[in-house]
1. Can you pull out the residues in the stretch 1-36 that are in a strand (DSSP E or B), closer than 14 Å to PHE283 by Cβ and open to solvent by 40 Å² or more (accessible area, probe 1.4 Å)?
2. What tally of residues in the stretch 83-110 results from selecting those that are over 12 Å from GLU55 (Cβ atoms) and either within 16 Å of ligand 2 (Cβ to nearest atom) or not in a helix (DSSP H, G or I) (or both)?
3. Can you work out which of the residues in the stretch 219-244 that are open to solvent by 20 Å² or more (accessible area, probe 1.4 Å) and modelled with pLDDT of 90 or more is nearest to ligand 2 (Cβ to nearest atom)?
4. So GLY159 clears everything in (1) surrounded by fewer than 16 Cβ atoms within 10 Å (Cβ to Cβ); (2) within 16 Å of the chain's Cα centre (by Cα) except one condition, right? Which one?
5. Could you list, in sequence order, all residues of the stretch 23-78 that are touching a Leu at 6+ places or on another chain (Cβ under 9 Å) and of a type in the set (Val, Ile, Thr)?
6. Scan the stretch 285-323 residue by residue and report those that are in a loop (DSSP other than H, G, I, E, B), free of Cβ contacts under 8 Å to residues at least 40 places away in the same chain and farther than 30 Å from GLY136 by Cβ.
7. Touching a residue at least 60 places away in the same chain (Cβ under 8 Å) and touching a Ser or Thr at 6+ places or on another chain (Cβ under 8 Å) - does that describe any residue in the stretch 3-11?
8. Under 29 Å from SER163 (Cβ atoms) and at pLDDT below 95: is that true of VAL277 in this structure?
Amino acid sequence: MWASVPRVKFFNGFEIPLIGLGTYLTKGEEGVRAIKQAIDIGYRHIDTAYRYGNECEVGRALNEKISEGFITREDLFVTTKLWNSFHAPMLVPEAFQRSLQNLQLEYVDLYLMHMPMGLAFRGFREQDLITYDKSGKVAFSNVDFCDTWKAMEDLVRGGQVRSIGVSNFNCEQLSRLLSKANIKPVTNQVECNPGFTQKPLIQFCRHHGITVTAFSPMGRVDRSDSSCRVTADVLQHPQVAAIGAKYGKTPGQVVLRYLIDIGTIPIPKPSNRAETVQNIDIFDFRLTPDEIALMGRFEGGKRAVPLKYYSHHPEYPFQREEI
Ligand SMILES: NC(=O)C1=CN([C@@H]2O[C@H](COP(=O)(O)OP(=O)(O)OC[C@H]3O[C@@H](n4cnc5c(N)ncnc54)[C@H](OP(=O)(O)O)[C@@H]3O)[C@@H](O)[C@H]2O)C=CC1
Ligand SMILES: O=C1CO[C@H](CO)[C@@H](O)[C@@H]1O
């Protein structure tokens, strides 16, 4: 049994465990087993999204562990996300209720706007989530994300969402949101790994009391999606292995510790039991300032997940980058 994972407090008083379980591509019976196994190992923070099509599996796994008496709902921190085609304020309550129903929970701890870019709405089925215009490009909506945010604020007031946040927002978009919001976002979930360290964004968020959740923390993505790439293969790097050897840790553990030491909350997706165990066993060591500096040298300025399909959207957050 592992010691419980430390938590950090949001500005609103709610606490989030410092490591989460990513679930993109975690599906079916195997997915349910993997999530239950992660709960047994000690994970309490689970990250899913309507778009992942696996909220039902996540909900089943969590509710089975609750029914067994192994955990209570209050032990858990569950995040899900509003998909881009549900940005119109009138769609937000229904989109959220569908997520809640899939999860079979009475509330979610954190509801994120998955991206700042609104997409055309066609329906709630999987095949409706991304539609294309006549020229074959992803079809957009012109909803302002500040209006979407107001509808998300109403969900907090309704009591079924404890905290709200955003994902894939850049500093300018966050600034605009902050200038209009009544409830501040508790987190911005963005790609962060040694190959893409997000220093300016982390600084901006810290200044505004917003946490940064680190997705794709390993900087590589286990999927046949040609729009994703490996940023820096630090897991194979001898210097990372050497840091790990000093602490009796694997390169993956060194990477996660680095992300915590620079102030983020990583949500890695393990692909087997050994990785699931390793990724939570990172709270008995910390990197020295020199080791943190060394890990920072893998920065390559390029994302693993550049979301290229949306690059023609006016709110595409990475316009200024070479993608
Ligand atoms: N908000 C957003 O837009 C996004 C959110 N996310 C969220 O973040 C989560 C994590 O990101 P994801 O893109 O999956 O990428 P990760 O960086 O977590 O990469 C996953 C891969 O890393 C490898 N890995 C995991 N743990 C270890 C370890 N200890 N040692 C060595 N290799 C390891 C595994 O590959 P292998 O099989 O080779 O071992 C695994 O398949 C997602 O599951 C999702 O919940 C992700 C992308 C976008
Ligand atoms: O959350 C997500 C998981 O990764 C996908 C990339 O392959 C992203 O498109 C999506 O935002």
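1. ARG7, VAL8
2. 9
3. LEU235
4. It is condition (2) that GLY159 fails.
5. Scanning the stretch 23-78 gives ILE35, ILE39, ILE46, THR48, VAL58, ILE66, ILE71, VAL78.
6. PHE285, ARG286, THR288, ARG297
7. Yes, because at least one residue in the stretch 3-11 is touching a residue at least 60 places away in the same chain (Cβ under 8 Å) and touching a Ser or Thr at 6+ places or on another chain (Cβ under 8 Å).
8. no
The values are calculated or read from the model by the stated rules, or taken from the named source; none is laboratory data. Not measured: the values here are computed from a predicted model. Cβ: placed from backbone, ideal geometry, glycine included. Neighbour counts: every protein chain shown. Note: areas computed on protein heavy atoms with side chains; ligands, DNA, RNA excluded. Shrake-Rupley method; radii C 1.70, N 1.55, O 1.52, S 1.80 Å.
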